[in-house]
Each structure stands twice: as C-alpha cells, then as structure tokens.
Amino acid sequence: SHDVESSWDDEFKKLVQNFPKERSWAGSNLYFYQGFWCPSLVLKAFISFQKHFQAFNSDVIVATFPKCGTTWLKALTFSTLYRNQFPWDENPLLTFGPHQLVRFFEYDLYLNNPFPDLQNVCAYQPRLFSTHAPYATLPTSIKDSGCKIVYICRNPMDMFISLWLFAAKLRDKNRESLSLDEAFDKFYHGISAHGPFFDHVLGYWKASQENPNKILFLNFEDLKEDMDSHLKNLAMFLGVPFTDDEETQGVVEKISKICSFENLKELEVNKKGVHTTGIPHTHFFRKGEVGDWSNYLTPFMIECLEKLIQEKLNGSGLTF
Ligand code: A3P
C-alpha cells in the first residue's frame with residue numbers, strides 16, 4: 001500500500017546517509033553497502049529485493065559479476081530450462097533480448113517498485129531471475145530454500161577491459177571517459193559496481209564448494225572451450241538432463257548455436273532494443289572473446305594483476 005511504500009522511502013533515506021560513497025566508472029555514485037559497492041541507481045531496488053523477495057524451491061537464479069558473461073548465461077539457461085515449452089524455431093531468444101527474458105531483480109523488477117508481483121512475471125515455469133548481488137547479501141529465502149543458482153565467472157583481466165569499455169559507452173556524452181589508468185586504480189582497489197570483484201567471485205565459489213547441488217559455478221573460458229559438456233552439466237544441474245534422443249537430434253549443439261555471440265549479436269532485437277535501465281542491447285555484445293586484455297593492458301598492469309590474483313585466490317582452489 002501507499003503507506004508501506006512511503007515509510008520504506010523514509011527508512012531508505014536514513015539508511016544511505018551513513019554509507020561510504022565513491023564515483024562509479026560511468027560517472028554516477030557507488031555506495032558501500034554490506035561490504036560491496038552498489039550503484040546508486042539500484043541501491044534502493046537492491047535493498048527492497050533483499051527485504052521482500054520470497055524464493056520458491058523451484059526458482060532458478062542466474063548470478064554474475066558484471067561483464068563476466070551474464071547475457072550469455074541468461075540465453076543458455078533460458079534455452080536449456082524451457083526447451084520443451086516452445087517450438088525450436090520460435091525460441092523467444094529470436095525476438096527478445098536475453099535481459100528481457102531473464103530479468104534482473106535490482107536492475108529491473110525492483111527498480112521502481114519495492115513490491116513487484118512476481119507470481120506472473122515469468123512467461124515460463126519454473127521462474128528464472130537474475131542478479132549481480134554478492135552471495136553474502138542474498139535474501140535468506142534464496143539461501144535457505146531449495147532454489148538453484150547458476151554463477152559465471154571470467155578471467156579478471158578480460159572482465160576489467162570489458163567493463164572499462166562498457167563504462168565508456170555509458171558515460172555522459174559531455175564528460176570525458178575514465179582513462180585506463182584511472183579505471184585500473186579503481187579496479188585494483190575493488191571499486192566497481194558490485195565489487196570487490198574477488199570477494200564476489202570467492203563468495204559464490206565457496207558456497208558452490210559447500211553446496212554443489214545448489215550452486216553451479218561456471219567459467220566464461222571453459223564455456224568457450226567446451227560448450228557441449230558444460231551445457232550437459234547445466235541441464236543436469238537444473239534437473240532437466242538431455243535425453244539420449246535429444247542428444248542424437250543435436251539439441252545440445254542447437255542451444256549452443258542459438259546462444260552464440262555471433263548469432264545473438266546479429267539479431268534485430270539485440271541491435272535495436274533498449275533495456276529498462278536505458279542501456280541499448282548492443283552494449284552487451286562487443287567482442288565475446290578470451291584474451292582481449294592483451295590488446296590493452298600495460299606490462300605494469302599485467303604484473304600487478306597477476307600478483308593480485310595470486311594473493312586473492314591463494315588457498316581457495318580457484319584458478320584463472
Ligand atoms: P567483451 O566486452 O569482452 O566482448 P555481461 O553479459 O556480463 O554484461 O558481459 C558482457 C561480455 O560478454 C562482453 O564481453 C560481451 O561481448 C560478452 N558476450 C555477450 N554475449 C555473449 C555470448 N553469447 N557469447 C560470448 N560472449 C558474450
């Protein structure tokens with residue numbers, strides 16, 4: 001009701017007054033909330049989501065750090081989970097962007113609505129959502145219910161370059177873009193949307209080690225190298241393994257093909273459409289390759305990052 005919303009407004013205003021603040025890469029603010037930098041645009045939505053979301057045991061959630069392959073994983077999860085609910089040549093991916101089909105909690109559903117109706121918001125069952133929220137900050141109902149989380153991580157150097165170029169596109173036209181040095185300095189200190197990067201990745205990594213049936217941890221690079229076996233794993237994890245018939249009919253290959261960078265990038269909807277946040281869909285498709293960092297990073301940056309990666313991942317069992 002209106003009263004509940006306005007008292008939540010007041011509560012929110014009081015809350016943020018005390019949060020540390022930094023400039024984001026694209027020029028707005030980041031607030032330090034529960035150990036992570038949250039963009040001002042979504043902070044309120046993020047807290048609404050945390051406070052109000054009720055997970056179902058059957059829910060599936062795509063969780064990612066920005067620029068690690070969110071768009072790709074949304075397409076793959078959507079196509080795998082719902083493959084028997086539409087004729088193949090009518091895959092909704094052909095007419096809608098991955099971000100329209102698998103909607104973000106904080107960048108979409110809760111963005112201008114603290115109490116969205118989530119009963120009927122997904123066109124297919126089970127419900128499929130996404131978030132950039134760090135594991136530690138997820139609503140307890142997600143952690144405690146039987147819902148499943150699919151996470152994708154990416155080599156930090158590629159993620160960094162992807163984010164730097166993405167932020168430059170988002171930046172106000174009349175303001176100069178962040179230089180590579182400035183961006184590097186921020187990244188090195190953990191300052192970027194939903195960062196620190198390593199805390200985000202390690203949070204999901206540890207949770208997936210402890211509870212592999214609940215959290216599937218994927219890598220961008222592994223998917224590039226061997227899509228088919230990872231897709232089979234994904235289907236198994238989601239409780240919808242590919243049947244022998246499907247495998248002989250080439251369903252696995254069909255999914256990997258329709259979700260490929262080359263295919264999605266060329267679709268009309270992804271060339272022209274715009275996300276609820278105002279970001280054109282084209283911004284989510286740049287190069288889609290592994291190792292593009294080598295065209296940008298200086299030897300000094302590479303050395304710093306290598307040391308940082310080693311230090312942060314030490315003892316975790318995770319490698320890049
Ligand atoms: P690059 O900037 O390196 O090209 P996110 O979806 O998390 O925002 O990440 C965006 C990155 O994933 C971009 O990386 C983008 O090009 C790449 N990407 C988008 N769709 C992809 C796909 N279907 N396959 C592989 N990479 C994809």
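Nothing in this text is a laboratory measurement; each read-out follows from the coordinates by a stated rule. Since the structure is predicted, the reported quantities are computational estimates derived from the model, not experimental observations. Positions of Cβ are backbone-derived with ideal geometry, glycine not excepted, and every protein chain shown enters the neighbour counts.
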* Where does the chain land on Rg(C-alpha)/(2.2 N^0.38 Å)? -> 0.98
* To do: Whole number please: convex hull volume per residue, Cα atoms of the range 130-172, in Å³.
  => 102
* For the chain, size of Cβ-based charge dipole, Lys and Arg +1, Asp and Glu -1, in debye -> 660
* **the chain - share of DSSP beta bridges that are antiparallel (%, nearest 5)** => 35
* Given a Förster distance of 35 angstrom, what is the FRET efficiency for Glu22 paired with Glu247, based on the Cβ-Cβ distance and rounded to 0.05? -> 0.10
* Long-range amide H contacts for Phe104: which residues qualify at under 5 Å (H placed 1.01 Å from N, peptide plane, sequence gap of 5 or more or a different chain)? -> Leu109, Ser130
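As a test of the definition: which semi-axes, in Å, follow for the range 92-150 when you take the square root of five times each eigenvalue of its alpha carbon gyration tensor? Largest first, please.
20, 14, 12
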* **the chain: most fluctuating residue of Thr131, Thr64, Thr95 per GNM, C-alpha cutoff 10 Å** => Thr95
* With 5 Å bins from 0: P(r) over the range 71-186, alpha-carbon pairs, percent -> 2, 8, 15, 18, 18, 15, 13, 7, 4, 1
* Would you mind listing how long the range 4-85 runs along its three principal axes, going by Cα atoms, in whole Å with the largest first? => 48, 34, 19
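Taking a quarter of the surface of the convex hull around the Cα atoms of the range 30-123, what do you get in nm²?
Averaged projected hull area, Cα only: 6.9 nm².
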* Asked: In square nanometres, what is one fourth of the surface area of the convex hull spanned by the alpha carbons of the range 156-206?
  -> 3.6
* **Contour minus Cα-Cα distance for Asn113 and Lys254 (0.36 nm per residue)** => 47.1 nm
* Structure fact -> Taking placed amide H atoms and a strict 5 Å upper bound, the residues 5 or more places from Ile152 or on another chain that come that close are Ala63, Phe65, Leu218
* Asked: How much FRET efficiency would the formula 1/(1 + (r/R0)^6) give for Val240 and Asn263, where r is the Cβ-Cβ distance and R0 is 25 Å, rounded to 0.05?
  -> 0.70
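Would you work out if the range 230-306 is rounded, prolate or oblate? Take a ≥ b ≥ c from the square roots of the eigenvalues of the alpha-carbon gyration tensor; rounded if a/c is under 1.5, else prolate when a/b is larger than b/c, oblate otherwise.
oblate
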* Structure fact -> tail above 18 Å in the computed P(r) of the range 35-80, as % of all Cα-Cα pairs, reads 48
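Which semi-axis lengths, in whole Å and largest first, follow from the square roots of five times the eigenvalues of the Cα gyration tensor of the range 178-320? Can you show the working numbers first?
Working: eigenvalues 186, 109, 44 Å².
Ellipsoid half-lengths, sorted descending, are 30, 23, 15 Å.
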* Asked: Across the Cα atoms of the range 137-222, what radius of gyration and what greatest pairwise Cα-Cα distance (Dmax) are found, in Å?
  -> 15.8, 48
